[in-house]
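**Student:** Just dropping this structure here.
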Amino acid sequence: MTKFTTDLYEIKRNNIVFSEKITKGVGQVESKFVKEMIYGITKSSSIIISNISDALHEDIKKINTIERLSNNLTKEISSQINDNYLKEVNKVIGKEPIILVDDSDVIKPYGKQFEYLSTVRDGSSKDKSNEKGYQVTEMVVLSEKENHPISLFSHIHSSKEEGYKSSNSITFRGLDEIIEKVNRKCTFIFDRGYDMNELYKYLFRNDQQFIIRVTERRKIFHKGKWYKSTLLRDSRKGKIKTKILFQGKRIDCYISYLNVQITATKKNIKLVLVYGLGETPMMLATNKEIKSKEDAIGIVRNYMSRWRIEEYFRFKKQQFGFEGFRVRSLKAINNLNKMLTYTIGFMGLMIEKMDRNLIAMKVLIRSKSIKDKLLFYYYQIAKGINNILSFAKNGIQKWLKIRKQVDIQLSFKIEF
């Protein structure tokens with residue numbers, strides 16, 4: 001029990017220190033709210049306000065805690081908090097970070113009262129059917145040491161919002177924010193749903209590197225002629241043999257690359273062709289340099305790291321039950337998503353320090369994981385923290401700096 005008491009103290013301290021860093025420079029009320037939300041989500045592994053309230057163990061009626069947290073979720077969250085969070089993440093992403101961009105969905109099939117509820121494609125269903133819900137645009141960066149996804153931008157949106165333009169406008173907004181805050185050349189990785197001329201132009205204009213999966217309808221300019229991308233793909237065979245991690249297995253594949261141009265711009269890019277990972281060869285467009293076969297293999301492996309953002313989505317939904325949120329306004333939903341993003345960011349930064357942080361190693365031990373070496377540590381970190389905090393009988397009230405109230409009691413001073 002002594003060990004758990006020490007570990008409990010260390011987890012709380014690490015959680016509060018992280019929260020204090022990202023709330024630096026904001027008001028005391030907002031700072032307290034963010035600290036409570038991050039701790040409450042961490043301890044409860046839930047985004048349900050009632051469960052978060054239970055995790056705080058406040059000496060007041062539960063309904064009062066729920067109302068306070070719910071009211072704060074409807075308010076504007078200071079941009080300073082997100083700026084501070086990105087500064088912390090910036091410390092662990094290296095000089096040329098890999099950023100994965102993708103869209104997901106939040107399905108609310110029985111929802112009736114949620115604001116701006118629209119129709120989206122359910123990516124988790126076998127037939128990709130349409131359901132009531134929201135679209136989520138997510139951008140995660142891979143940490144430098146452990147190669148783990150940490151979110152830089154996450155926004156839930158609906159086509160029924162007032163003044164809504166398109167999902168592409170949300171994507172460009174996220175890219176603008178990341179390029180400004182990360183402030184270095186990145187490699188952005190996109191699936192074929194992003195194979196659009198405006199994106200190529202945007203990335204060239206902002207001097208960013210990219211790897212984009214090409215669709216079969218894309219036209220390619222090669223050696224003075226225009227070709228359908230499929231014609232170039234099917235007329236060649238891979239010359240570079242390597243093994244690639246694909247669907248949990250290491251599979252032999254073959255790679256070729258060509259110097260080409262596309263309709264979006266006259267700038268030279270590379271078309272990387274990958275054979276052996278499925279029935280249909282994969283086509284990747286990139287402006288990264290390829291001077292050797294190792295460079296070509298690196299580009300394919302960078303693209304294949306996309307599974308990490310898919311697993312990140314799955315982690316949010318499975319570990320925290322994200323699709324089960326009950327707040328109804330779209331602003332509150334997005335603010336709740338921000339709190340969850342910061343909570344997972346706290347875990348991601350802990351993962352990055354596993355080799356030199358004792359409490360991070362203890363958390364993994366407390367998770368009772370069967371495997372020692374993992375490709376994705378988030379589930380084990382969340383479980384380990386949850387196991388340790390299950391011994392907590394008090395919340396974090398003693399850790400918060402509460403403004404002292406001035407004594408307004410009427411008093412009389414008698415002078416002789």
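A short reminder: the numbers here are calculations on the coordinates, not readings from a lab. Note that the structure is predicted; figures quoted are calculated from it, not measured. Counting neighbours? That spans all protein chains shown, and the Cβs are built from the backbone with ideal geometry, glycine included.
**Student:** At 0.36 nm per residue, and after removing the present C-alpha to C-alpha distance, how many nm does the segment from Trp307 to Ser129 gain when stretched out fully? Mind showing how you got there, number by number?
**Tutor:** Working: separation 178, 0.36 × 178 = 64.08 nm, distance 2.21 nm.
Roughly 61.9 nm would be gained on extension.
**Student:** Let me ask another. What FRET efficiency comes out for Ile63 versus Arg184 if R0 is 41 angstrom and r is the Cβ-Cβ distance? Round to the nearest 0.05.
**Tutor:** Values: r = 47 Å, r/R0 = 1.16.
Working from the Cβ atoms, E equals 0.30.
**Student:** Okay, moving on. Rounded, prolate or oblate: which fits segment 90-309 when a ≥ b ≥ c are the square roots of the eigenvalues of the alpha-carbon gyration tensor, with rounded for a/c under 1.5 and prolate only if a/b beats b/c? Mind dumping the intermediate values first?
**Tutor:** Working: a/c = 1.59, a/b = 1.49, b/c = 1.07.
Judged from the Cα gyration tensor, segment 90-309 comes out prolate (a/c at least 1.5, a/b above b/c).
**Student:** Can you figure out the FRET efficiency of Arg250 with Asn51, using R₀ = 45 Å and their beta-carbon distance, to the nearest 0.05?
**Tutor:** Values: r = 40 Å, r/R0 = 0.89.
It comes to 0.65.
**Student:** While we're on this one: Quick one: Lys270, Lys87, fewest Cβ neighbours within 10 Å first, how do they rank? Please report the intermediate quantities before stating the final value.
**Tutor:** Values: Lys270 19, Lys87 13.
Ordered by Cβ neighbours within 10 Å, fewest first: Lys87, Lys270.
**Student:** So if each residue of separation counts as 0.36 nm, and I subtract the Cα-Cα distance between Asp355 and Lys201, what length gain in nm does that give? Intermediate values should be presented prior to the final figure.
**Tutor:** Numbers: separation 154, 0.36 × 154 = 55.44 nm, distance 4.10 nm.
In short, 51.3 nm is gained.
**Student:** Right, something else. Could you pull out the pairs from Lys338/Lys398; Lys241/Lys317; Lys267/Lys338; Lys61/Lys331 whose alpha carbons sit more than 30 Å apart here?
**Tutor:** On the way: Lys338/Lys398 25 Å; Lys241/Lys317 37 Å; Lys267/Lys338 38 Å; Lys61/Lys331 26 Å.
Those over the limit are Lys241/Lys317; Lys267/Lys338.
**Student:** Would you calculate the separation in nanometres between label points at Tyr379 and Gln318, each defined as 7 Å from the Cα along the Cα-to-beta-carbon direction?
**Tutor:** 0.4 nm
**Student:** Counting other beta carbons within 10 Å of each Cβ, put Thr341, Thr119, Thr286 in order, fewest first.
**Tutor:** Working: Thr341 20, Thr119 12, Thr286 23.
In order of increasing Cβ crowding within 10 Å: Thr119, Thr341, Thr286.
**Student:** Also, I was wondering about something else. Along Cα→Cβ, 7 Å out, is where each label goes; now give me the distance between the ones at Ser329 and Asn394 in nm to one decimal.
**Tutor:** Going by the 7 Å Cα→Cβ label model, 3.4 nm.
**Student:** Of the options Pro149, Met283, Tyr254, report the single residue whose Cα projects farthest towards the positive end of the charge dipole of the chain (beta-carbon charges: Lys, Arg +1; Asp, Glu -1).
**Tutor:** Tyr254
**Student:** Which whole DSSP H helices in the chain pass both tests: a Cα extent of 18 Å or more along the axis and a mean Kyte-Doolittle value no lower than 0.0? Each step should come with its number before you reach the end.
**Tutor:** On the way: long enough: 2-22 (31 Å, -0.51); 28-44 (24 Å, -0.24); 167-182 (22 Å, -0.05); 307-320 (19 Å, -1.44); 330-352 (32 Å, 0.60).
Helices passing the filter in the chain: 330-352.
**Student:** Right, another one. Give me Arg250, Arg366 sorted ascending by neighbouring Cβ count inside 10 Å, so fewest comes first.
**Tutor:** Details: Arg250 10, Arg366 22.
Neighbour counts put them in this order, fewest first: Arg250, Arg366.
**Student:** Charges only on Cβ, +1 for Lys and Arg, -1 for Asp and Glu: so what's the dipole of the chain about the Cα centre, in debye to the nearest 20? All intermediate terms of the calculation are to be shown ahead of the outcome.
**Tutor:** Values: 76 positive and 47 negative charges, 234 e Å.
Dipole of the chain, to the nearest 20 debye: 1120 debye.
**Student:** Over its Cα atoms, what ratio of radius of gyration to 2.2 N^0.38 Å does the chain give?
**Tutor:** Working: Rg = 24.3 Å, N = 416, 2.2 N^0.38 = 21.8 Å.
Compactness ratio reported: 1.12.
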